[in-house]
Each structure stands twice: as structure tokens, then as C-alpha cells.
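The values are calculated or read from the model by the stated rules, or taken from the named source; none is laboratory data. Please read all numbers here as calculations on a predicted model, not as lab measurements. Note that we place each Cβ from the backbone using ideal geometry, even for glycine, and neighbour counts take in every protein chain shown.
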Protein chains: 2
Amino acid sequence: MPRNRRISESTVRRLSIYYRLLSGLEKEGAPTVSSRELAEKEKLTPAQVRKDLSFFGSFGTRGLGYPVRELREKIARILGLNRTWNVAVVGAGNIGSALVSYKEFQKQGFLIKLIFDNDQRKIGSSHKGIPVSDVSHLADELKAHHIDIVVIAVPGPAAQGVAEEAVSAGVRAILNFAPVSLKIPASVSLRNENMSMELEQLSYFLVGGNG
Amino acid sequence: MPRNRRISESTVRRLSIYYRLLSGLEKEGAPTVSSRELAEKEKLTPAQVRKDLSFFGSFGTRGLGYPVRELREKIARILGLNRTWNVAVVGAGNIGSALVSYKEFQKQGFLIKLIFDNDQRKIGSSHKGIPVSDVSHLADELKAHHIDIVVIAVPGPAAQGVAEEAVSAGVRAILNFAPVSLKIPASVSLRNENMSMELEQLSYFLVGGNG
DNA sequence: CTTATTATGTGAATGCGTTCACAAGAACGT
DNA sequence: ACGTTCTTGTGAACGCATTCACATAATAAG
């Protein structure tokens, strides 16, 4: 059990995958699963799966595999999914609105508590029972509602300002949908979801990787 | 100029980043840019930038840097952004609708030509001038409209079926928003955009990487 | 024309994630 | 009980991306 070891980002990403897989297996009533079975479902190697899991201890049984329910619960604890998180969405445009309605988040314990916008026509209205607040009160509201994660869904030029407000309010995790690179302290965790970039990767593949 | 060389996925991802940066610099009228300047804007190393660009030739001038306009155009050709692509969105729910309204795609030359759904109440209506078609005619319509890229924005359980239809219609690139792992031939390029997973990564960071 | 400065391009070194390979352990049938 | 089969856990080998370091070259100033 190599504790104290730094876990690579790729390993954490795959933990999410294992979690989803294990949730499905648990519903099906499977008592155990082998690294080979997990690997086949996701086009990984069995060694990769075992190595990933071994970073957090050894919960497998040789000759049998891993206990589905226990492993899922263990990964939930590692990923912090055995609790709820308070989320705020900034930007009530197309993407922001879609995120608020996206039911997967609630299911996983990510509770959207606040929505912000700068459009007076939107402020005061509500999406799915969550009122749209004025973005000019961003920092105060984030603090008052103990928001853990801020989702930025505003136009590119506005994103950096929102990020800085969020950081100043003590937020330590940001999910950014704006197509810009945010400058924030290293102590804040940032993930970018840039859909144009994803399409560009596909485009590169389609033209065969050259010009 | 190390041609014939396989370009790593990370390099291609960064090309998208350089492209965005260069577009901005071009608007500002900057004639040239150094690897150091590019690196500083994105928290990369200058060596990384130079190595990435060197895979496609050497367009820099020692002592001066890279010509902004030429480099942007070169990267556009490499990524296949000097043309348009026909895109279809499957699923007219929250995410699908948001994508159709997302203006960045059109700007980059990704033209959404078709939207599909299985809900009779939605079929026939239109989003942003694009009519919603019946998903039961998926393959035929994809072929008829020469769709290059299919965006899957349907509930998890329906995603695999949609992917298979798309592949059977000759589609070679898929952007998947459904939280499942799609099984498709290796000859088809697939990118996953799983927003729950992004939040889970943030959650892992917030709990400090242990349970 | 010469010197100082800046910045590219790239082989070599480094670091890190993935895969290999195998010893060790557990279950199951005979 | 014993051998066969299955599967984990992990050190070692491997491969690939990143970083280093420097020769090379262009500009600018005096």
C-alpha cells in the first residue's frame, strides 16, 4: 500500500471511470469484478487497473477479483463523492442554463445552489427553482452560501474577472467553459471544458494530421 | 523538419491553444511572437512550444520569433480549420439545445446542419433555424447531408446505438457527451466530454486526495 | 564591421506513466 | 489434501513526452 505517494492526474481520471463502471455492476448485482473485466469495458490493460487501485491500498482477493460494493464505496470516499458539494453557475446563457437542468450533477451530489448573470432581464427569474442572482454580488453570495465549486459559463472576455472574484471569495475549485486560459493561484484547482478545442482535435484527425 | 513523425495527442491539443492565442495576437496587430511569450500566456515552457511547432517545420526566425499571421494560417491548415465541417447534433435536450445555440462553433467553421430527437413533440420544431429531425432516420440523413462530425447528446443508455448508426453511415468523428464509454471501430475518432467526471476531479482535489 | 543580444531548432537527458512478468495467495474440483 | 486455475500486487523494464542545454543564426547598436 504505497501511501504518501503522489497520484497522477491520469489515475484520478480513471478512478472516475471505475466508479461509473462499479455503480453499474452493483446495480446488476455482481459481487466481484476482476481487473481484466474492468479493463475490457474501457479499453485499458488489466495491469493499468491494478496499478491504479494499488495506489490506495489492496482491496482485491487473489484468484477472485475485487468486491464490487466495497470498491465502489472506497473510490467514492477517495473522490469525495460520499458527500455533497455546493456549486454555483455563473452565466445564465445557453451553456449555463443547460448545466442547471442537467440531472446527472444532482445525482452525483453536486448541488447547484446559485446562478448568476449580468442581464437585468434574467436576474430575478429562476431556472429549475434556482433564482438568477446579480453577478455584481458574486463574491458575497458565494461566501454566504458556502459554495465549493464555481462553474464559469460566461463569454470569454468576462471569464477572468469572474475567476478572480471567485478566488477572492475563497473558492478552491473552478470548472471553466469559457474559451480562455484563466490565471489563478496554483492553490485553486481548475479544469477547462473547451468544446471548440474538442472539435478541433476531431478536425485534425479528419484531415489526416497534415495541411 | 521531422515529417513522417507521429504527432502526440498532447501536441495537437496545444496546437489548438496556440491557434487561439495567435488569433488574438493577430487582431492586436502583433507581427511576431516568441516561444517565450506564447509559453507565458499558457503556463508552458518555451522549449515545449518550440518543440511542438518544430514537428511541422521551422517557420521561426532566430533572434526574432514567429510571424503571427503565417503561423496562425499554418496551424489552421494543420488542424483543418481552413474549411468548414458539417456537424449533426443528436439529442435536443438541455445539452443538445445549448450546443446548437453556441456561436463559437459556427465561428470556427463547424456548421450544425441537423438536429435529431426521438420526441414527437420536438420533431418538426426548430432551433435557430435548424429543424429537429426524427432520430429513426439518422443514418440516411447523415449520409444525405454529408455530415462529418456527430455530436452525441442523448441519455447514456441511448448513446451506443446512436454511435453505431453514425458509424454505419460512414461518420468518422464523434463527440460524445453521454456518460458512457462507446465501443466503436478504431478508425473512427472519438472524444468524450464528460462533465460529471470533471466535477469529480475537482472533488478529489477538494478532499485532498484521500478518503 | 564587430559585438552584444535575442531567440530558434534540436540532440541529449530526464522524468513519469504504462506495460511486463512473475511470485504469492485464494478458490475450486477431484 | 492436493494440484490446477485464476487473479492480485508490484518491482523492473520500457516508451514517450517534457525539459535541458547549446550550437546556430538573425537583428540592432555603435
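Structure above, values below:
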item	result
Strands (runs of 3 or more DSSP E) wholly inside region B:81-160 containing at least 3 residues that are over 20 Å from the mean Cα position of the chain (by Cα)	B:130-134
Among the residues listed as A:A139, A:A144, A:A98, A:A159, the single one being of a type in the set (A, V, I, L, M), more than 16 Å from DNA strand C (Cβ to nearest atom) and in contact with a Pro (Cβ under 9 Å, 6 or more places away or on another chain)	A:A159
A:K103 loosely packed, with under 14 Cβ neighbours inside 10 Å and within 12 Å of chain B (Cβ to nearest Cβ)	yes
Wholly within region B:8-73, helices (runs of 4 or more DSSP H) carrying at least 1 residues that are surrounded by 16 or more Cβ atoms within 10 Å (Cβ to Cβ) and among the hydroxyl-bearing types (S, T, Y)	B:9-28, B:35-42
Some residue of region A:183-195 being surrounded by fewer than 16 Cβ atoms within 10 Å (Cβ to Cβ), over 29 Å from B:R14 (Cα atoms) and of a type in the set (S, T, N, Q)	no
Counted residues, region A:160-182 - those being in contact (Cβ under 8 Å) with a residue 12 or more places away in the chain, surrounded by 16 or more Cβ atoms within 10 Å (Cβ to Cβ) and of a type in the set (G, A, S)	5
Scan of region A:142-159 for residues that are more than 12 Å from chain B (Cβ to nearest Cβ), surrounded by fewer than 18 Cβ atoms within 10 Å (Cβ to Cβ) and touching a residue at least 12 places away in the same chain (Cβ under 8 Å), ordered by number	A:K143, A:H145, A:H146, A:A158
Meets criteria (assigned by TED's automatic domain parsing to the domain that holds B:G161 and over 22 Å from A:N194 (Cα atoms)) for B:P131	yes
